[in-house]
Amino acid sequence: MITEQSLQKAFLFRQPIVSRQQELAGYQLLLRSAEAGGDERQQNLTTAALCAAYLELGMQSALGNNCAYLGITPDFLQQEALELLPAAGVVLELLLDRPPDKTVQIRCRCLRDRGYVLALGDYRGIDDRSRPLLPMVDVIKIDARTTDQRTLANLAGSLRNLPIKLLAQGVDSRELLERCRNLGFALFQGRHFAQAEIVSGRRLSASQAALIRLINLVGRDVDVALIEDAFKHEPALTLNLLRVVNSVGHRGNRLSQPVTSLRHAINLFGRRHLQRWLSLLLLAPGSASSDPTQSPLLQVAALRGRMMELLIAVDPSGESGRLADLAFMTGILSMMPAALGLPIDEILGQIAVEDEVRAALCHHAGVLGGILALLERFDNDDASGCDELLGQLPGHLDRQTLNTCLSVALRWLNGNGGQ
């Protein structure tokens, strides 16, 4: 079957797409391998495999309310299999290197009438390639990284009066994000949110320092009364904890009555989950939100932690038990330099961690360090780097395992049944 073969031969990468409010709006899904060629036949096979992988990995459920942007070649556009994709879950990005003929235009109009959202990739201005499609597309994608400032302004200006959303692709810095935002772009694709400036000696805010104190307390074997007292000095966190515990219940079960006692909430939530929750809050902008689906940085951190946990768990030797909790925390902590703007060694000077976690974060050492390095390459769409690192890790880890773990982790993150 094409999906199983493609998942063994290629990596299913994702690139976040965010709104003007810096909230996650979707993912670009890409299927890539280090050996893939660029000829038209290979592009068509890759498109078919990507769409099949989306369906068979259950990506609509895994992504929740977030749409998947899928690149569609002209040949695959005509395939009936395309209509197996759920109209509510995908954005079809038209990959056209020539003006669309009548057949393509009719097919686009038909898909639009059936509820599909269409996007036009690699926009270079109003010409014979784009003009026939402008009445049918909802999103126009412009590569902001490779387009000079003047040309970018002209391209955006040519579409200003049309009911079309502009998506800036390749946004990997705050400066480029602001430039595109000022030009009227509504969507932004890239990893600018994870490219924070690292400044040694930067002072943490009062709320960040309070979270670190709580993380250290929860991670040590101290009496719950000490944790309770520390929470009492942070009333906003206390209210947030009570809200979270009451909303999720105990281990997913509905509570018979609301939890109003701080000590009850701490005991019910459990120290393991409490430490994870506090660590995610430390990554949140202004440490205001406990919902990872609203922040791209939190999404990457939570996904990386969950994927590390899953990849450790597939170890057939049965030696993964103790490392599972450490794997999740390693994944979360690996994103803290981007969130706090501090080098990892300074962060670890303030947060107590196990020796294996410290070695993984500082030196990519041990099993945890190897998997962390793999996921860092995975998050950066580096197929050859992923292949190289997979060759150094235990043999039970391969491309298909990595792709499947991504789907399971996304489903877990969006509360749709991930284990």
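The values are calculated or read from the model by the stated rules, or taken from the named source; none is laboratory data. As the structure is a computational prediction, the values presented were derived from the model and not from experiment. Every residue, glycine among them, receives a Cβ derived from its backbone with ideal geometry; neighbour counts consider all protein chains shown. With ligands, DNA and RNA removed, areas are computed over all heavy atoms of the protein, side chains included. Shrake-Rupley method; radii C 1.70, N 1.55, O 1.52, S 1.80 Å.
The residue pairs whose first member lies in region 386-400 and is surrounded by 14 or more Cβ atoms within 10 Å (Cβ to Cβ) and outside any loop (DSSP other than H, G, I, E, B), whose second member is of a type in the set (Phe, Trp, Tyr) and at pLDDT 90 or above, and whose beta carbons are closer than 7 Å, counting only pairs six or more residues apart or on different chains, are Cys386/Phe11; Cys386/Phe378; Arg399/Phe11. Could you say whether any residue in region 371-385 is open to solvent by 10 Å² or more (accessible area, probe 1.4 Å) and either free of Cβ contacts under 8 Å to residues at least 12 places away in the same chain or farther than 24 Å from Gln28 by Cα (or both)? There is at least one residue in region 371-385 that is open to solvent by 10 Å² or more (accessible area, probe 1.4 Å) and either free of Cβ contacts under 8 Å to residues at least 12 places away in the same chain or farther than 24 Å from Gln28 by Cα (or both).
Can you find a residue in region 186-196 that is open to solvent by less than 70 Å² (accessible area, probe 1.4 Å), touching a Ser or Thr at 6+ places or on another chain (Cβ under 6 Å) and closer than 20 Å to Ala339 by Cα? Scanning region 186-196, I find at least one residue that is open to solvent by less than 70 Å² (accessible area, probe 1.4 Å), touching a Ser or Thr at 6+ places or on another chain (Cβ under 6 Å) and closer than 20 Å to Ala339 by Cα, so the answer is yes.
Take Arg109 and tell me if it is closer than 18 Å to Phe11 by Cβ, open to solvent by 40 Å² or more (accessible area, probe 1.4 Å) and basic (Lys, Arg). Spelling it out, it is not the case that Arg109 is closer than 18 Å to Phe11 by Cβ, open to solvent by 40 Å² or more (accessible area, probe 1.4 Å) and basic (Lys, Arg). Screening Pro86 against (1) in a helix (DSSP H, G or I); (2) open to solvent by less than 70 Å² (accessible area, probe 1.4 Å); (3) not hydrophobic (A, V, I, L, M, F, W, C) leaves a single unmet condition, (1).
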